[in-house]
Amino acid sequence: MDNEKISLIRRKLKDKKRIVIKIGTSSITHQESGALNLIKLEILVREICDLKNQGKDIVLVSSGAIAVGRQAVHFNHRPTKISEKQACAAIGQAQLMMIYQKLFREYGHMAAQILLTKDTILEQENRFNAWNTFEELLSMGAVPIVNENDTVSTYEIQFGDNDSLSATVAELIHADLLILLSDIDGLFSDDPHCNPNARFIPLVEELDERLMDMGKGSVSDVGTGGMATKLHAARIATEAGTDMMIANGKDFHIIHRIMDGQDYGTLFLARKEK
């Protein structure tokens, strides 16, 4: 597909009405210390509030509870035991939500907390209840802030950050667009850290096994998700009829640039027939 057609597809993103935005731990913490980057958090909240002011429904899936708790209890090392991670999450989630609520309130919007596990919303009755909660909160004008329930769950802690969870949420609420923001620019033909000739892929029309095999992403010191989990999320989202974007969360101003149709990230097109 030529660049002109890709640009036309991207310009249509401004019409999306229900958007899930997922941010990784590395995107909201300082690389040097692992502590929260409050300037970036304020920019993130301002970008989301501006989308809300345009009449869009926004759900934020935010990692970071374990990292915030780790700082609060002065852990000099990354927690390794499940019990340590769950304890850090219990402390950090409360602090993280307090900051989010304060920032959203400053821009005239409400934040609400939803803690989920993937298994919970795959069970039919729980899934229906979760859907009802999301719909009610969105109708009230709130911004649901979702995180995995690390204090009781072990699966997500061990196996996958919030990438797959955000895709499942996008499927659940029939989102038009899922934006995954992490420390990578998008999908490449090979790992760009190892291969300087790796080719950037701006648009994926069909996520086949060849592309799935490109998931060689490494993990950071604070996050747990690599490219493999993002491609798995893309499969969930696109087969549910949701477009998905992978982009770099180094600067959260990228959110309105993506919505304006500018040339950032890799866009995965929804498979409507699925």
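Here are some notes:
- Answer residue from the stretch 118-133, given it is touching a residue at least 40 places away in the same chain (Cβ under 8 Å) and in contact with a helix residue (DSSP H, G or I) (Cβ under 7 Å, 6 or more places away or on another chain) and is most open to solvent (accessible area, probe 1.4 Å) among those: TRP131
- Every residue from the stretch 39-73 that is part of a helix (DSSP H, G or I) and either under 18 Å from ASN248 (Cα atoms) or within 15 Å of the chain's Cα centre (by Cα) (or both): ILE39, LYS40, LEU41, GLU42, ILE43, LEU44, VAL45, ARG46, GLU47, ILE48, ALA65
- Among the numbered conditions (1) farther than 24 Å from ARG46 by Cβ; (2) crowded, with 20+ Cβ neighbours inside 10 Å; (3) at pLDDT below 95, the only one that GLY249 does not meet is (1).
- Per-region count, the stretch 28-43, residues surrounded by 12 or more Cβ atoms within 10 Å (Cβ to Cβ) and either in contact with a helix residue (DSSP H, G or I) (Cβ under 7 Å, 6 or more places away or on another chain) or free of Cβ contacts under 8 Å to residues at least 60 places away in the same chain (or both): 10
- Looking only at residues in the stretch 186-214 that are more than 14 Å from MET244 (Cβ to Cβ), in a loop (DSSP other than H, G, I, E, B) and open to solvent by less than 80 Å² (accessible area, probe 1.4 Å), the one that is modelled with the lowest pLDDT is MET214.
- Check on SER7, among the small types (Gly, Ala, Ser) and either closer than 23 Å to THR168 by Cα or in a helix (DSSP H, G or I) (or both): yes
- Considering the conditions (1) more than 21 Å from the chain's Cα centre (by Cα); (2) crowded, with 19+ Cβ neighbours inside 10 Å, THR80 is excluded by exactly one of them, (2).
- Identity of the residue in the stretch 215-236, within 24 Å of LEU51 (Cβ to Cβ) and modelled with pLDDT of 85 or more, that ends up most open to solvent (accessible area, probe 1.4 Å): ILE236
- Lone unmet requirement of (1) aliphatic (A, V, I, L, M); (2) open to solvent by 30 Å² or more (accessible area, probe 1.4 Å); (3) modelled with pLDDT of 85 or more for VAL152: (3)
The values are calculated or read from the model by the stated rules, or taken from the named source; none is laboratory data. No experiment lies behind these values; they were computed from the predicted model shown. Positions of Cβ are generated from backbone atoms using ideal geometry, with glycine treated the same way; all protein chains shown enter the neighbour counts. Keep in mind that these areas ignore ligands, DNA and RNA; they rest on the heavy atoms of the full protein, side chains included. Shrake-Rupley method; radii C 1.70, N 1.55, O 1.52, S 1.80 Å.
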